[in-house]
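For reference, the structure discussed in these notes is given below.
The values are calculated or read from the model by the stated rules, or taken from the named source; none is laboratory data. In this text, all values refer to a predicted model and were calculated from it rather than measured experimentally. Please note: Cβ atoms are built from the backbone with ideal geometry, for glycine as well, and neighbour counts cover all protein chains shown.
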Amino acid sequence: MKLFRFASVLFLSGGLAVAQSAPAPANQSSNAAPVPPKPIQSFDLNAIDKSVDPCVNFYEYACGNWRKNNPIPGDQARWGRFNELRERDRYLLWVDLNRAANDPKTPLQRKYGDFYAACLNTDLANQLGEKPLQPVLASIDALSDKKGLATLVARLQVDDATGAFFRFGSEQDQKDSQKQIGAVFQSGLSLPDRDYYILDDERMTKIRKQYKDYAIALFKLAGDNDDKAAAEADSVLAIETALAKGSMPRVDLRDPAKRYHLLPVSNLNTLAPDFDWNAYLAGTPAPAIRELNIGTPDFFKTMNEVIQNQSLDSIKSYLRFHALNSAAPWLSQPYVDLNFDFFRRTLQGQQEQEARWKRCTSLTDNAMGEAVGQDWVKENFPPEAKANMEKLVAALEKSLNEDIQSLPWMTPETKKQAEAKLAAFRQKIGYPEKWRDYSKLEVKRDDLLGNIQRADEFELARDLKKIGQPVDEKEWTMTPPTVNAYYQASNNDINFPAGILQPPFFDNSKDPAVNFGAIGVVIGHEMTHGFDDQGSKYDAQGNVKNWWTPSDRAAFDERTGCEVNEYGSFEPVSGQKLNGKLTLGENTADNGGLRIAYRALISVLAKEGGNTETQKIDGYTPAQRYFISFAQVWCENRTDEYARVAARTDPHSPGEFRTNGAVQNFDEFGKAFGCHKGQPMMPEKPCVVW
């Protein structure tokens, strides 16, 4: 279970031997051997569509031919440069996992190799059907009264990898970042967002009908007759709809003040008296706690109303559905197909299921990422790559500091505080200094669902035991092969896993313009998150604290309001505009990152005796190569279904608007391509924050 944490990401995650006998070869029936991916180019001339005027639509100019030549594969709902690198990194991860599954050299390799092999064994999964889930279903069936609900929910969350109603975990106290506290937040929904339960337009009504049909089919697959399955599905939809109505909207969750309520544990008994919180907490591995963050108090009032108003049988149906739905992707093929058909095909437009080796590689990375990651970085992230990245980060920090000093709308008093926060930035590059210890995680080669449950229990226990302990500022929340990056406000740090430090983001063979346009903007993006609408509310120590003068805050809000309106006018798919408030933080980071990295590039070129207007390569100046490199990171195609879900749930804008939105706010782009004021990519009044 992953608790809601404030970490702004770039793109919307020693052991003892278990088996004593020699491992059998990993079962790869029905799976063709993976094909090594093609090399990825950092600056792709063939991607450019020169029939498009870059001053009218720069994204189509930089990515037009790439988009034409790279249709969405059947097993994807979105296909872009991120996906290309993720597929490459996943293949390299598969190489390690397959080797460990068939010929492990160390106890740790045996452990993660057995986890992967268990996942790959589809023959056993098909033989067992839902049998591995029977103990969980039996525990739900055995619930005889509502008084026992809390104990059961604790068991489901801790032992059975089944989320229900809410989430419980640790987090840093946002008013004292050196403290780790317990926190409870809203959860318990299966559709992508509360809007899917509440809105009554034609599309949402149809999706709810399809969701109910899915629930009926799932219950029937588990043994219900038609009438019982329909009744159970009605109960699931009724309970989840009630919880959705009591849930805080995504935009409100962006406000630290709205999601922070440090209160005595006893307050939970006031909010939800019909749920035995003492019994629940006793059923978790959390230490004794007297206070915790009740992140969404109104939700727990709603949860109590659900417990009061819904029958015991309805609540059991809700829990049974969540157990079945959570396990479905890893049970027998009928369950896998049913789950895929609704959540991937219907909701996102994905036409084919990913190959089993892909799903199992991702699953193993999620469960034991710092185990297999140890071997992965040795082979795929040399020390010089980390050293070069550190130099880039230093250049970007200098550039951001200069940007802060030059801001015309900020007073010296606030600038001083912003500079202090920047000076306190910490950075993590590549992989952890100390690897996570998986020695207490039990893995069995013939027990996939059990492995998933034990891995979830292991992670939850590790998380809850942090409550009351000193903060580990060196801990990572992404695995080394992850193609992403993030800023964590409570630690005031920027984090770049080894997985993203590869082409097309980072390529030592390319000129500075290309690298600054790609990974340089990524670095600047994460740094700017420290000063976006959320990060700007945290001080240098990672505490929520106002370090702004009232006039500077008002000027900042006016400028970010310009971005809200600008991006809120973008329409990624017919009839569905972006939510400018939901995407504000990422849009601010994109715009700031583009400016900061450009300033850093100019500084580097000046030291080398060059400038942005000469030294053409492939017919493009350094400035033009910089902007093209930036845009080509975001080349992508999306299904309409995926685009609609993302518009409601993803705090990131689609690639087209991440590109055009940022360049049209930066006059240096217009200068580089000879645009004039009034053209789409060089408007008269651009939005400028950092």
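Examine segment 386-409 for a residue that is of a type in the set (Gly, Ala, Ser), more than 29 Å from the chain's Cα centre (by Cα) and over 17 Å from His529 (Cβ atoms), and state whether such a residue exists.
Within segment 386-409, one or more residues are of a type in the set (Gly, Ala, Ser), more than 29 Å from the chain's Cα centre (by Cα) and over 17 Å from His529 (Cβ atoms).
When you scan segment 410-428, how many residues do you find that are of a type outside the set (S, T, N, Q) and loosely packed, with under 14 Cβ neighbours inside 10 Å?
Residues in segment 410-428 being of a type outside the set (S, T, N, Q) and loosely packed, with under 14 Cβ neighbours inside 10 Å: 6 in total.
Output the number of residues of segment 439-465 satisfying the condition of being surrounded by fewer than 21 Cβ atoms within 10 Å (Cβ to Cβ), under 15 Å from Ala286 (Cα atoms) and of a type outside the set (A, V, I, L, M, F, W, C).
5
Residue-by-condition table, conditions (1) over 20 Å from the mean Cα position of the chain (by Cα); (2) among the aliphatic types (A, V, I, L, M); (3) under 18 Å from Gly661 (Cβ atoms):
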residue	(1), (2), (3)
Ala498	no, yes, no
Pro503	yes, no, no
Ser509	yes, no, no
Ile519	no, yes, no
Val522	no, yes, yes
Cys562	yes, no, yes
Arg599	yes, no, no
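Give me the pairs, please: first residue somewhere in segment 419-443 and within 25 Å of Gly530 (Cα to Cα), second residue anywhere and of a type in the set (Gly, Ala, Ser) and not in a loop (DSSP other than H, G, I, E, B), beta-carbon distance under 6 Å, and either six or more positions apart or on two chains.
Correct list of pairs: Gly430/Ala498; Tyr431/Ala498.
Might you let me know whether segment 503-523 holds any residue that is part of a helix (DSSP H, G or I) and charged (D, E, K, R)?
no
Quick one: would you say Asp640 is in the same structural domain as Leu396 (by TED's automatic domain parsing) and within 30 Å of Gln405 (Cα to Cα)?
no
So that you can scan it fast, the table gives a plain yes or no per residue for (1) of a type in the set (S, T, N, Q); (2) in contact with an Asp or Glu (Cβ under 8 Å, 6 or more places away or on another chain); (3) farther than 19 Å from Val521 by Cα; (4) not in a helix (DSSP H, G or I):
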| site | (1), (2), (3), (4) |
| --- | --- |
| Thr614 | yes, no, yes, yes |
| Gln632 | yes, yes, no, no |
| Tyr642 | no, no, yes, no |
| Ala647 | no, no, yes, no |
| Ser653 | yes, yes, no, yes |
| Arg658 | no, yes, no, no |
| Ala662 | no, yes, no, no |
| Phe669 | no, no, no, no |
| Cys675 | no, no, yes, yes |
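What are the residues in segment 530-589 that are part of a helix (DSSP H, G or I) and either modelled with pLDDT under 95 or aliphatic (A, V, I, L, M) (or both), if any?
Those that are part of a helix (DSSP H, G or I) and either modelled with pLDDT under 95 or aliphatic (A, V, I, L, M) (or both): Ala554, Ala555, Val564, Leu584, Ala589.
Can you name the residue in segment 590-631 that is surrounded by fewer than 24 Cβ atoms within 10 Å (Cβ to Cβ) and of a type in the set (Val, Ile, Thr) and, of all such residues, is modelled with the lowest pLDDT?
Result: Thr612.
Could you go through segment 72-81 and let me know if any residue there is part of a helix (DSSP H, G or I) and under 24 Å from the mean Cα position of the chain (by Cα).
Yes, some residue in segment 72-81 is part of a helix (DSSP H, G or I) and under 24 Å from the mean Cα position of the chain (by Cα).
Based on this model, can you work out whether Ala26 counts as of a type in the set (Gly, Ala, Ser), modelled with pLDDT under 95 and not assigned by TED's automatic domain parsing to the domain that holds Pro503?
yes
Which of the residues spanning segment 198-253 are β-branched (Val, Ile, Thr) and over 26 Å from Pro297 (Cα atoms)?
Thr205, Ile207, Ile216
So which pairs qualify, if the first residue must be in segment 353-377 and surrounded by fewer than 24 Cβ atoms within 10 Å (Cβ to Cβ), the second must be at pLDDT below 95, the Cβ gap must be under 6 Å, and the two must be at least 6 apart or on different chains?
Hits for this filter: Ala355/Asn31; Arg356/Asn31; Trp357/Asn31; Trp357/Pro34.
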